[in-house]
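**Q** Below is a structure I'd like to ask you about.
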Amino acid sequence: MTAALAVTALTLPVFLGGVPAAQSAPVEKAPWQSYNLSPASRTVKPVAVFRTNGTVTDPDAVLKGDRTRLSGAGSYLTLDFGKNVTGLVTLKFAGSDGPQRVGLAFSESSEYVGIQTDASTGGPRSRDGAIYADVDGRTTYTMPAKYLRGGFRYLTVFLESAGSVDLEGVSAHFTAAPKMDDLRDYANYFYSSDELLNRIWYAGAYTIQLNTIDPKTGRVWEAPPAAWDNSGDVGVGDTILVDGAKRDRTVWPGDLGIEVPAAYAAFNDTESARNALTTIYRHQRDTGELPYAGPMLNKYGSDTYHLWTLAATWDYYLYTADRAWLAQVWDDYIEAVDYTQAKVNDRGLLSITGTSDSVRILAKGENLIANVLLWRVLTTGSKLAATQGDSGRAADYASRADALRTAIDTHLWDEQAGAYKFYPDSTIHAQDGNSLAVWYGLADQDKARRISAKLKGNWSPIGTTAPENKGNPGVFSGSMEVNAHFAAGGQEADQAGVDIIRRQWGYMLDHPQGTKSTFWESFRNLEDSCVFCSSYVSLAHAWATGPTPALTFDVLGLKPTAPAGRTYDFVPHPADLTFAQGRITTPQGRIDASWKLDRAEGAYRATLTAPRGTTGRVGVPILGTRIKVFVDGRLAWNGHKGKAYGAHSDGEYVYLDGLPAGSHTVTADRLGAS
């Protein structure tokens, strides 16, 4: 990076700065819309033929509404929708050679294409089999509602009987995001100088969209004896966040730790988050224990997932300031905190007994991520208690958080390794707990940057790894790590955050056996003989969407810092990018921001438009030099001290406090430049 910045009257692309809050650009005209994967209509159609088998006459004809003939038992046509989709399929037949039986089978990955659907039920069968349509002459068949397929890219239509059928139309009714009138009209956006990062932001958003469902279309449990059944009632309201599109179509609290920020960053969707959280609270046990998974799975026995619900409660409140909802669940929240606090031992650490977790069963004892989650809950719970007028509880939670932080640093920090230990006597330095310690701010700056470097040392050629999970690629924990690098701050950590997004999420997005549109539940190391090693793996999974909020909140640098967005930060982490722009939407209205950095010319310029009722903190990256900073042409920082907006510096940024509502231009000038 250049050692100095100079301000010039930059000529910015016409799209920089975003659309003013008072206007609304046509959805399809903004350049970032080229990355939007959401369909323009709820009727989606295949775009290509992937494979045929047996006797299939004119296979491409059906794509144009003409006749494709399947003849003879076992003949099939596999259609490619071009991306992961969801919904209820309709087949139109122009005719048949007498009564015939036609099968439908679905797959997210090309690896599992065939006349057996990939797995989603969680029952004893390795695959979901197929569903069947009876065809007799001109016939239109639409799948029964319970057979809604949550996620698929490939549809195989096969003839089970010995005659022939003429297929002339295939479509699916897209059922995700049930309350969005226009599936492509996102409340927010992200756009930058890096095409791959843009694609990743929108693929994460699309993954979240597929995981936003009508609660009456969840997975039925126990598993049905044949096929699958997505008519389960998995929560309250008309829209809800679940963990996976294909499966489990269930509220899992751990996923909410990533999914709630991602749904907000992309769609300003807080209603689906509220319904998911309400569902979990309504299934709280008398002991105070919250579910490991919501209905219809109704699992318990996880201290970490219990805490994830409480952590996500703060995220929801931060984005909404929904006091009425918080008041409804507040007693449940207190009972849940008490349930966990009772497990804090004489050393001041949480010693878990509910050992179910994301990808493994944990050992009982003083587990790192559980303790970091409890610290987060106590810290944010103190703020929530204050909003409820409970000053005594606010002070108590804050005091307990301070004591817990001391205990974590005392018993879990490994000074030699520069990271926290998985358990006090463990030689493993877990990806998930260390990442959360940095992302949530438990680790001080020195520890945070050492952890960032330690995590980077675990990378493989295709992404992050989780030492606590046998060194497998981290997806859920990888989403945590992405956010941790930016929270650690500094040019090296910021670059690590961008680099790992490109490496791991670029790998998932462009892999030939993937969906080219959504991010995965898990995958295997390069040396393994298979990518997924099971057709049960979800390829549109909420916990894999960590880059979407990270790119908005950190690379662009725009995020709310107080409930309802009344205060916000605009503190870019440029890494090696040259510009970024985007939007968040708050209850106060839209906040649009952009920044542009020309390293060759040594020039920086940012724009910001915020609605009435908001106040912003702006950070101008110094990038290794002393700079002057101007706000709307007025000197705010002269290179040594502040002249306006409480300007001050930590050596990496010049910070401006209290920017009022309205539109502003912030520029930086090399010290001494004319």
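The values are calculated or read from the model by the stated rules, or taken from the named source; none is laboratory data. The shown structure was predicted, so the numbers you read here are calculated from the model rather than taken from an experiment. Here the Cβ is made from the backbone with ideal geometry for all residues, glycine too, and neighbour counts use every protein chain on show. Heads up: the accessible areas ignore ligands, DNA and RNA and are worked out on the full protein's heavy atoms, side chains in. Shrake-Rupley method; radii C 1.70, N 1.55, O 1.52, S 1.80 Å.
**Q** Based on Cβ point charges of +1 for Lys and Arg and -1 for Asp and Glu, what charge dipole magnitude is obtained for the range 463-593 about its Cα centre, in debye rounded to the nearest 20? Show your work: numbers first, answer last.
**A** On the way: 9 positive and 13 negative charges, 89 e Å.
Dipole about the Cα centre, nearest 20: 420 debye.
**Q** Also: Past 32 Å, Cα to Cα: identify those pairs from Lys383/Lys470; Lys470/Lys559; Lys92/Lys246; Lys246/Lys470, in the order given.
**A** Working: Lys383/Lys470 37 Å; Lys470/Lys559 35 Å; Lys92/Lys246 25 Å; Lys246/Lys470 26 Å.
Correct reply: Lys383/Lys470; Lys470/Lys559.
**Q** Rounded to the nearest 20 debye, what is the charge dipole size of the chain about its Cα centre when +1 sits on each Lys and Arg Cβ and -1 on each Asp and Glu Cβ?
**A** Values: 64 positive and 73 negative charges, 212 e Å.
Around 1020 debye, computed over the chain.
**Q** Angle check, please: helix 323-341 long axis (alpha carbons) against the longest principal axis of the chain (alpha carbons), in degrees 0 to 90, nearest 10.
**A** Between the helix axis and the principal axis of the chain, the angle is about 80 degrees.
**Q** A further question on this structure: Using θ = phi - 60° and the Karplus curve 6.51 cos²θ - 1.76 cosθ + 1.60, what whole-Hz ³J(HN,Hα) does each residue of the range 58-70 get, with Gly and Pro shown as x?
**A** 6, x, 6, 4, 4, 5, 9, x, 9, 8, 10, 9, 9
**Q** Could you state the angle between the C-alpha long axis of helix 271-282 and the longest principal axis of the C-alpha atoms of the chain, as a value from 0 to 90 degrees rounded to the nearest 10?
**A** Here the helix axis deviates by roughly 90 degrees.
**Q** Same structure again: Please report, in whole Å, how far the alpha carbons of the range 349-425 spread along each principal axis, starting with the longest.
**A** Computed over the Cα atoms, the extents are 40, 29, 15 Å.
**Q** So, one more: For the range 40-177, what is the charge dipole size about the Cα centre, in debye to the nearest 20, if Lys and Arg each add +1 at the Cβ and Asp and Glu each add -1 at the Cβ?
**A** Charge dipole of the range 40-177: 360 debye, to the nearest 20.
**Q** Would you mind checking the range 362-390 for residues with the amide N under 20 Å from a putative spin-label position 7 Å along Cα→C-beta of Cys533?
**A** 362-363
**Q** Here is a further query. Taking only Cα atoms, what is the 0 to 90° angle, nearest 10, from helix 368-387's long axis to the longest principal axis of the chain?
**A** 70
**Q** Give the carbon-plus-sulfur fraction of the accessible surface of the range 552-648 in %, rounded to a whole number; probe 1.4 Å, heavy atoms of protein chains only.
**A** Details: 1510 of 3230 Å².
The computed percentage sits at 47.
**Q** Here is a follow-up. Averaged per residue, what accessible surface does the chain expose to a 1.4 Å probe, in Å²? Display every interim value, and only then the final one.
**A** Details: 23220 Å² over 674 residues.
Counting only protein heavy atoms, the per-residue value for the chain is 34 Å².
**Q** Which percent of the accessible area of the range 411-455 is formed by carbon and sulfur heavy atoms (probe 1.4 angstrom)? Mind dumping the intermediate values first?
**A** Working: 770 of 1710 Å².
Summing carbon and sulfur atoms, their accessible area is 45 percent of the total for the range 411-455.
**Q** Going Cα to Cα from Lys29, which aspartates and glutamates come in below 20 Å? Please leave out same-chain ones fewer than 8 positions away.
**A** Hits, sequence-local ones excluded: Asp181, Asp182, Asp185, Asp194, Glu195, Asp592.
**Q** Just to verify a number: FRET efficiency for Arg347 and Ala48, C-beta to C-beta distance, R0 = 45 Å, to 0.05?
**A** On the way: r = 60 Å, r/R0 = 1.34.
Efficiency, from the Cβ-Cβ distance: 0.15.
**Q** Can I ask one more? Can you pull the one-decimal nm distance between simple spin-label points at Asp60 and Ala562, each 7 Å off the Cα toward Cβ?
**A** The two pseudo-label positions are separated by 6.1 nm.
**Q** State the Cα centre-to-centre distance between the range 381-400 and the range 492-511 in whole Å.
**A** Centre-to-centre (Cα) distance: 38 Å.
**Q** So, how do all the Cα-to-Cα distances of the chain break down into 10 Å bins, in percent, from 0 on up?
**A** 3, 15, 25, 25, 18, 9, 4, 1, 0
**Q** Now, a different point. Given a cut-off of under 8 Å on Cα pairs at least six residues apart, what relative contact order in percent is computed for the range 341-494?
**A** Working: 222 pairs, mean separation 29.0, N = 154.
Averaging sequence separation for qualifying contacts and normalising by length gives 19 percent for the range 341-494.
**Q** Explain nothing, just the number: relative contact order of the chain, from Cα pairs under 8 Å at least 6 residues apart, as a whole percent. Can you show the working numbers first?
**A** Working: 1696 pairs, mean separation 100.7, N = 674.
About 15 percent, as a whole number.
**Q** To continue, here is another question. Per residue of the range 431-443, in order, report the coupling 6.51 cos²θ - 1.76 cosθ + 1.60 (Karplus, θ = phi - 60°) as ³J(HN,Hα) in whole Hz, putting x for Gly and Pro.
**A** Result, rounded to whole Hz: 5, 5, x, 5, 4, 5, 4, 7, 4, 7, x, 5, 6.
**Q** Something else about it: Give me the percent of accessible area attributable to carbon and sulfur for the range 28-177, probe 1.4 angstrom. If you can, show how the numbers build up before the last one.
**A** Values: 2660 of 5700 Å².
It is 47 percent, rounded to a whole number.
**Q** Return the Rg/Rh value of the range 540-652, two decimal places, where both radii are evaluated on C-alpha atoms and Rh is the Kirkwood radius. Before the final figure, lay out each step's value.
**A** Numbers: Rg = 15.0 Å, Rh = 15.1 Å.
Here the Rg-to-Rh quotient is 0.99.
**Q** Determine the calculated [θ] at 222 nm for the chain from helices alone, applying -39500 (n - 2.57) to every DSSP H run no shorter than 4 residues and normalising by the residue count; nearest 500 deg cm²/dmol. Could you put the intermediate results ahead of the total?
**A** On the way: 13 runs with 174 residues, N = 674.
Roughly -8000 deg cm²/dmol at 222 nm, from the helical runs in the chain.
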